[in-house]
Structures are given as C-alpha cells and as structure tokens.
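Engineer: Can you keep this structure in mind? I'll have questions shortly.
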Amino acid sequence: MGYDKSKKLALWVAYPLHTYYTTGSSRERHWGYDPDLDKSVQMTEGLASSDYNRGHQVANADRRVSDLSNDQISYYSNMTAQLANFNSGVWATLEGKVRNWMCADTLYVVTGCHFDGTQITTPDKGGNSLPVPTHYYKVLLRSKSGSTGKAAGTLGAGELQCIGFWYTHAASSGQTPATCIKSVQEIENLTGFSFFANVPNAPKASYSASDWGL
C-alpha cells in the first residue's frame, strides 16, 4: 500500500485476487490497528458520523481464506471514510463484479482513493478530522485466457487485458461499472501513480469492455 500518514489512510492498495483468497468461512473478526504503523497515523476507533462507513480498500469478501488474512484487512490502515450508501451501493456492485473476473491465473487489482482539492472532512472517534476522498478507483490486470499458468510479466501484450474504473464519491450517483470505465493510463494520469510497473507489456493505454463482459 501507499500510505499517507498525514491523511491517515492508504492512497492505494495493490493485491492479488484468486479463489484461493476468497474461499473460506472466515468473516470479519475485529477492527484493529495495523501493527506496522504507529497508532497516531491511523484512524482512531472508526468514524463518529453514521453517514460514513469504515470503507475497506481490500474488500472483506476478498480475504476469507483464514482468520489472519481477514483480520489484516480489518486494520484501520485499510479503511477510508466512505459514504455508507456509496459503500453498500455502487461500490459494492463493482467489488462483486471484480470477484466475478477472477480466473485460474491471478487477477491483479489496485484499489485507491483520490482527492481533487474539494474534499471535506469528517471526525473519527478520537476527534481527529479525516479527509473524505472525492473519488475512488480500481485498475485491473489479468491474462486474456485466464489459464496460461504463466507469470503476468512473461506474457505478451496480446495475451493480457487491463481496465480501470473511476467513481465520483457521491451518495446517489447512478454510476455503474459500464459508465465509469477508463483506461489504466488515464487513471495513472489522474493520480500520478504508475501501475503494474513490473508487467512491461501490460496494455495500459487501451481496454476492451467486451473482454470484461461490459
């Protein structure tokens, strides 16, 4: 993750997604502090306003393989102040779509939040003001066939597919995965980050919605 201590959140988290991680009976065990970060740079015990959820960046359903893995995505370092009806609405719909795109090869995901300078703040339970992201995004990479059995970095551009999704953080937005598509390169330009840097042939400048059933 790329963690911003001043904002007390991760600007992005990068993770592999495969049925290995999503298959299991583990559920959210507890909220807690990330032991690798000082408590002073993390959200304090959740959010004070009921308008906001502790929005997971790596989704709860993405890590059910073990209690340990589920505990780790319940750390405050994996949380942002996310509008409750956005979290359980259009964003949850996208998270479900992403799990449907898993394959025998690994699906690689980066989930992040963005601030365009117009953000507001909301208090955590310690009285600290936390910035509320103005946008959320996901960028994805996988093999086209889904079953090459090879590392993504060894595949040619014609064997790979990428796509990105850029959402405005709004309560009732009517956004859908099909209406929020961008290329990975477009999201790189918006965020200033470079994604999938170790996959030289990743087709980041283009996408085919039909490759993703959209």
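Engineer: Would you confirm, using the coordinates I've provided, whether Ala157 is farther than 28 Å from Asp34 by Cβ, of a type in the set (A, V, I, L, M, F, W, C), at pLDDT 95 or above and exposed (fewer than 14 other Cβ atoms within 10 Å of the Cβ)?
Structural biologist: Values: farther than 28 Å from Asp34 by Cβ: yes; of a type in the set (A, V, I, L, M, F, W, C): yes; at pLDDT 95 or above: yes; exposed (fewer than 14 other Cβ atoms within 10 Å of the Cβ): no.
Judged against the criteria, Ala157 is not a match.
Engineer: Whether any residue in segment 204-214 is among the aliphatic types (A, V, I, L, M), assigned to a loop (DSSP other than H, G, I, E, B), modelled with pLDDT of 95 or more and under 17 Å from Leu107 (Cβ atoms) is what I want to check. Spell out how you get there, then give the answer.
Structural biologist: Going residue by residue through segment 204-214, those that are among the aliphatic types (A, V, I, L, M) are 205, 209, 214.
Then drop every residue that is not assigned to a loop (DSSP other than H, G, I, E, B), which leaves 205, 214.
Pick out the ones that are also modelled with pLDDT of 95 or more and you get 205, 214.
From what is left, the residues that are under 17 Å from Leu107 (Cβ atoms) are 214.
Taking every residue of segment 204-214 in turn, at least one turns out to be among the aliphatic types (A, V, I, L, M), assigned to a loop (DSSP other than H, G, I, E, B), modelled with pLDDT of 95 or more and under 17 Å from Leu107 (Cβ atoms).
Engineer: What's the number of the condition Ser6 fails, among (1) under 27 Å from Val184 (Cβ atoms); (2) surrounded by 15 or more Cβ atoms within 10 Å (Cβ to Cβ); (3) touching a helix residue (DSSP H, G or I) at 6+ places or on another chain (Cβ under 9 Å)?
Structural biologist: (2)
Engineer: From the residues in segment 44-71 that are modelled with pLDDT of 95 or more, of a type in the set (S, T, N, Q) and out of contact with any Gly (no Cβ under 6 Å at 6 or more places or on another chain), which one is nearest to Gly127 (Cα to Cα)?
Structural biologist: Ser49
Engineer: Would you please name the residue that is nearest to Ser74 (Cα to Cα), looking only at residues in segment 24-50 that are open to solvent by 80 Å² or more (accessible area, probe 1.4 Å), part of a loop (DSSP other than H, G, I, E, B) and charged (D, E, K, R)?
Structural biologist: Ranking the qualifying residues of segment 24-50, first place goes to Arg29.
Engineer: When only residues in segment 51-68 that are within 17 Å of Lys138 (Cα to Cα) and part of a strand (DSSP E or B) count, which is farthest from the chain's Cα centre (by Cα)?
Structural biologist: Gly55
Engineer: Another one. Mind checking which residues of segment 160-172 are touching a strand residue (DSSP E or B) at 6+ places or on another chain (Cβ under 9 Å) and surrounded by fewer than 17 Cβ atoms within 10 Å (Cβ to Cβ)? Reasoning before the result, please.
Structural biologist: Filtering segment 160-172 down to residues touching a strand residue (DSSP E or B) at 6+ places or on another chain (Cβ under 9 Å) leaves 160-171.
If the condition is that a residue be touching a strand residue (DSSP E or B) at 6+ places or on another chain (Cβ under 9 Å) and surrounded by fewer than 17 Cβ atoms within 10 Å (Cβ to Cβ), then Thr168, Ala170, Ala171 are the ones that fit.
Engineer: Where residues in segment 136-152 are assigned to a strand (DSSP E or B) and touching a Leu at 6+ places or on another chain (Cβ under 7 Å), which of them is farthest from Gln42 (Cα to Cα)?
Structural biologist: Step one: of segment 136-152, the residues assigned to a strand (DSSP E or B) are 136-143.
Next cut, touching a Leu at 6+ places or on another chain (Cβ under 7 Å) only: 138, 140-143.
On the way: Lys138: 23, Leu140: 27, Leu141: 30, Arg142: 32, Ser143: 36 Å.
Among those residues, the one meeting the criterion is Ser143.
The values are calculated or read from the model by the stated rules, or taken from the named source; none is laboratory data. Treat the numbers as computed from the prediction; the structure is a model and nothing was measured. In this analysis, Cβ positions are derived from the backbone assuming ideal geometry, glycine residues included, and neighbour counts consider all displayed protein chains. Protein only, heavy atoms only, side chains kept; ligands, DNA and RNA dropped before computing areas. Shrake-Rupley method; radii C 1.70, N 1.55, O 1.52, S 1.80 Å.
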